1. Within the set of pairs 6+ apart or on separate chains, which have a first residue in the range 30-53 that is within 17 Å of residue 82 (Cβ to Cβ) and assigned by TED's automatic domain parsing to the domain that holds residue 13, a second that is within 6 Å of ligand 1 (Cβ to nearest atom) and not in a helix (DSSP H, G or I), and C-beta atoms under 9 Å apart?
2. Could you please find all residues in the range 145-167 being within 16 Å of ligand 2 (Cβ to nearest atom), at negative phi and crowded, with 17+ Cβ neighbours inside 10 Å?
3. Among the residues of the range 18-46, what is the count of those that are within 12 Å of ligand 2 (Cβ to nearest atom) and exposed (fewer than 15 other Cβ atoms within 10 Å of the Cβ)?
4. Could you check the range 111-212 for helices (runs of 4 or more DSSP H) lying wholly inside it with 3 or more residues that are without any contact (Cβ under 8 Å) to a residue 60 or more places away in the chain and either in contact with a strand residue (DSSP E or B) (Cβ under 9 Å, 6 or more places away or on another chain) or over 18 Å from residue 82 (Cα atoms) (or both)?
5. Can you give me the number of residues within the range 85-103 that are touching a helix residue (DSSP H, G or I) at 6+ places or on another chain (Cβ under 6 Å) and away from ligand 1 (no atom under 16 Å from the Cβ)?
6. Just one of 79, 55, 15, 100 is more than 16 Å from ligand 2 (Cβ to nearest atom) and over 30 Å from residue 112 (Cα atoms); which is it?
7. Whether any residue in the range 227-234 is modelled with pLDDT of 90 or more and either more than 26 Å from residue 315 (Cα to Cα) or crowded, with 21+ Cβ neighbours inside 10 Å (or both) is what I want to check.
8. Residue by residue through the range 273-305, note down the ones that are out of contact with any helix residue (DSSP H, G or I) (no Cβ under 6 Å at 6 or more places or on another chain) and touching a residue at least 60 places away in the same chain (Cβ under 8 Å).
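The values are calculated or read from the model by the stated rules, or taken from the named source; none is laboratory data. Everything numeric here is computed off the predicted structure, so don't read it as measured data. Cβ sites come from the backbone with ideal geometry, for glycine too, and all protein chains shown count toward neighbours.
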Ligand code: ADP
Ligand code: MG
């Protein structure tokens, strides 16, 4: 069952030469979490604000459930859209305690039901017992859970979360990202989770949408996005992969770091080979063209910066049981099924 349907949605602010959101179409299934991922300025917040009804679109249509909420002539007010919203900066009411903040959207409910629902949803975000605290008496992570509880309390069809973890320090962020997923799943709510952090998007989402300059570049499961990036941009942004220029000769891709076997049929004769950092196999060889420039210990892995004959830098990660000293010449190989080629 579709919970959200965007068709050819475009939004251009008057003062800009490019649309902030450019002809975006997507659908979201009931209960799914869509991670909207892209660099700063690519239009994520604007897309969320269009869905929330804070902005009007210029072309296209937005449906929540069966209902058209935005098109070129209609823009149903936010409070009638059956959505819950969580912002980056928590936006709690400072003069209301936790229970009052969470109950804020339940004003139309009978009093005993408000209490019951507030207790229920505070249990869900594991803040039971903190009902009487004020926002300034809470940590950042707790404040964001209150904001999540407040948005969930009226049981909206769709939750919109705009970089909700970005203001938290790394420890809290990592823990809360697991919890947010669990909480949304337990509530059974569909959600759009905006982030510029690729790891966060992969970890939290059922479906990831990668945005670039207002466009939706790719929509797919985290595994699809990671293993089959649709463009060089997606590959670079999501996996921080390396790219090496290659030209084809018979059944080989020839590059300055070696020759790689062609697996699929390619019509192009030249392109950029994508190699993920973890896919390099490094073997010391005094005659090899590539040299280890730096090595960083990351605990489980080493990260190497390698230099090619033309001076290009490549990044590789290997398990920490093999340590190659700086200055070592290495032969690089890659399992042929891990290689992907993009046209120039
Ligand atoms: P993101 O959330 O991905 O960082 P935004 O949606 O905030 O991106 O912005 C997308 C583009 O739209 C940017 O170029 C930004 O400068 C522009 N933009 C966003 N909001 C406004 C606005 N209210 N007026 C004019 N331009 C805006
Ligand atoms: Mg934003």
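1. Final answer for the pair search is none.
2. 160, 161, 162, 164, 165, listed by residue number.
3. 3
4. It comes to 111-124, 140-152, 170-187.
5. Here the count works out to 9.
6. 15
7. Checking the range 227-234: at least one residue is modelled with pLDDT of 90 or more and either more than 26 Å from residue 315 (Cα to Cα) or crowded, with 21+ Cβ neighbours inside 10 Å (or both).
8. Listed by number, the residues that qualify are 273, 275.
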